[in-house]
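Reading through the structure tokens given below for one structure.
The values are calculated or read from the model by the stated rules, or taken from the named source; none is laboratory data. For clarity, every value in this text was computed on a predicted model and none was experimentally measured. Reconstructed Cβ throughout: ideal geometry from the backbone, glycine too, with neighbour counts over all protein chains shown. Side chains included, ligands, DNA and RNA excluded: accessible areas come from the protein's heavy atoms. Shrake-Rupley method; radii C 1.70, N 1.55, O 1.52, S 1.80 Å.
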Amino acid sequence: MTDIKYALVTGGSRGIGRAISLKLAAMNYHVLINYRSNKPEAENTLKLIEAEGGKGELICFNVADPKEIGQVLGKWIDESQHTIEVLVNNAGINKDNLLLWMKAEEWSTIIDTNLNSFFYVTRLILKDMLANKYGRIINIVSLSGLKGMPGQVNYSAAKAGVIGATKALAQEVGKRKVTVNAVAPGFIKTDMTKDLPEKELKKLIPLNRFGEAEEVAEVVGFLASKASSYITGETISVNGGLYS
Ligand code: NAP
């Protein structure tokens, strides 16, 4: 059926990616829920979507592995002949350490998973968006990529790289009505932040609390919608006022 609209959310199995998947499904997108290893949680995302009357499917690949992306996502695109209208580059990890002690692997894994993944996944999806003369690309970056965070030189560099790529790609594809934006969360309650001292850290946040994944998903939903048609190359912070 040609009238089904498709969206891909990388790292849709948990946390912010799950909330985004639910939001896009509620906007009538058939959501491709990407995950790397946690199939039960990816299935839970799909169950939650279906419980609300939405549609989706699981798609397992490692966003840091271009070969696997080609084999799985490339195959899906070729075989289904469907165009993905909304791409949310959300999958991400951190491996914190002071630069002085940082191992080469801690640097390269973070750059591969958070920055190179943007290139690997986006280049596969972009061609159809350009042909279709419509598309929404939304990159989940971080306060770390705007402000820089000590102990996260690798992660800050990767996220700042994606912010630069967002601005550059927006200028390449704007004429074809493809918009490219980024959303920069602060501290959001997910597995990634579960070991942080929330009581201490929330004192630094003007809104005095960690954010919810759904509060990030709302902004992504807006950027994915036609209502955001004149916004591109932008990074929107969702951080409770922590930094702007
Ligand atoms: P999370 O709860 O730890 O979930 C991470 C998600 O990414 C999972 O779905 C995971 O899949 C997937 N993933 C990780 N590595 C992957 C890979 N190589 N290939 C495919 N999928 C992969 O993280 P989160 O807090 O929701 O973070 C989502 C995004 O927001 C990330 O880009 C993160 O950097 C960013 N962010 C988060 C915060 C925060 O406070 N939480 C703040 C700023 C930015 P599996 O389930 O299969 O492992």
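Below, the figures for the structure above:
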{"item": "Residue-level accessible surface for TYR29, protein heavy atoms, 1.4 Å, Å²", "result": "10 Å²"}
{"item": "Net charge contributed by nearby residues that have their C-beta within less than 13 Å of ILE33 (K/R +1, D/E -1)", "result": "+3"}
{"item": "DSSP H segments from the chain that extend 27 Å or more along their own axis, Cα-based, with Kyte-Doolittle mean of -1.0 or above", "result": "153-173"}
{"item": "Relative contact order (%) - segment 5-238, alpha-carbon pairs under 8 angstrom, separation at least six", "result": "20 percent"}
{"item": "Length released on extending from GLN171 to GLU105, taking residue separation times 0.36 nm less the Cα-Cα span", "result": "20.5 nm"}
{"item": "Per DSSP, loop trypsin sites (Lys or Arg not before Pro) in segment 65-106 with at most 13 further Cβ within 10 Å", "result": "LYS103"}
{"item": "Rounded if a/c under 1.5, otherwise prolate or oblate - the chain, Cα gyration tensor axes", "result": "rounded"}
{"item": "Solvent-accessible heavy-atom area per residue, rounded to whole Å², over segment 5-238 at 1.4 Å", "result": "48 Å²"}
{"item": "Under 20 Å from LYS203, Cα to Cα: aspartates and glutamates that are on another chain or at least 8 residues apart", "result": "ASP195, GLU212, GLU215"}
{"item": "Cross-link pairs LYS23/LYS189; LYS194/LYS226; LYS23/LYS67 - those with Cα-Cα distance over 23 Å", "result": "LYS194/LYS226; LYS23/LYS67"}
{"item": "Estimated [θ] at 222 nm from DSSP helical runs (n ≥ 4, -39500 (n - 2.57)) normalised by residues in the chain, nearest 500", "result": "-12000 deg cm²/dmol"}
{"item": "Mean separation of Cα contacts under 8 Å, 6 or more apart, over the residue count of segment 117-244: relative contact order %", "result": "30 percent"}
